[in-house]
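For reference, the structure discussed in these notes is given below.
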Amino acid sequence: MYAGLSMSYLDEWNAMEAPAAAQAVLPCCGSEAWADGLAARRPLGSLPELLAASDTAWWSLTEEDWREAFDSHPRIGEQHPQGTSSETGKRWSSAEQSGLDSEHDVTARIAQGNRAYEERFDRIFLIRAAGRSAEQMLEELRRRIGNTPEAELRESAEQQREITHLRLQRWLAEHEAGPRTEQGA
């Protein structure tokens, strides 16, 4: 970089040591193996490159790694995840599920569906909530509970991939809006 020019956050992230870079991006997905895999694919020069590298890292993971990511989310309609989650991840989940706030009857039916889903698949129902109404999420829950375990695992993985894309975009935007490091000053 030239004197007086600020680095983008992606540039800063590219310059971090691998463990710090993995930790920085972890709230976007919740899987440590994914975060390590994404950090190993640096340097990345743009958002499209970041999203493509994220996909490559995501689809290379094991089912156990996927479950770690799934468990970092709260149930639809709840605030607290099954597994560990950063404060950033909790804040993002809350914002993503904001469409549920005014639909109490549907939210109660989702809670009932969550229990049935968990009995069938032994994990939480995962869906990209952003941009969906509570009714749409309930319809998807009802449809997906009929999936085979293998088909549902892949569908949950795809939902997590979509959530991760949204969170990576938010992650970069939040860091770009904040203070940035000045090089060569």
The stretch 132-161, residues that are outside any helix (DSSP H, G or I) and without any contact (Cβ under 8 Å) to a residue 24 or more places away in the chain: Gly146, Asn147, Thr148
The one condition in (1) among the aromatic types (Phe, Trp, Tyr); (2) assigned to a helix (DSSP H, G or I); (3) at pLDDT 95 or above that Phe125 fails to fulfil: (2)
Filter pass, Thr107 being modelled with pLDDT under 95, at negative phi and under 21 Å from the mean Cα position of the chain (by Cα): no
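Working carefully through the options Ala3, Ala22, find the one that is part of a loop (DSSP other than H, G, I, E, B) and either in contact with a Gly (Cβ under 6 Å, 6 or more places away or on another chain) or modelled with pLDDT of 95 or more (or both).
Values: Ala22 fails: part of a loop (DSSP other than H, G, I, E, B).
Going through Ala3, Ala22 in turn, the sole match is Ala3.
From the list Leu38, Leu10, exactly one residue is at pLDDT 90 or above and within 15 Å of the chain's Cα centre (by Cα). Which is it?
Values: Leu10 fails: within 15 Å of the chain's Cα centre (by Cα).
That would be Leu38, the only listed residue that is at pLDDT 90 or above and within 15 Å of the chain's Cα centre (by Cα).
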Filtered residue count, the stretch 51-77, keeping only those that are surrounded by fewer than 22 Cβ atoms within 10 Å (Cβ to Cβ) and more than 21 Å from Gly113 (Cβ to Cβ): 13
Failed criterion for Arg170 (all others in (1) part of a loop (DSSP other than H, G, I, E, B); (2) modelled with pLDDT of 90 or more; (3) under 30 Å from Pro48 (Cβ atoms) hold): (1)
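The values are calculated or read from the model by the stated rules, or taken from the named source; none is laboratory data. Bear in mind that the values here come from a model prediction, so they are computed numbers and not experimental data. A quick note on method: Cβ atoms are made from the backbone with ideal geometry, for glycine too, and the neighbour counts reach across all protein chains shown.
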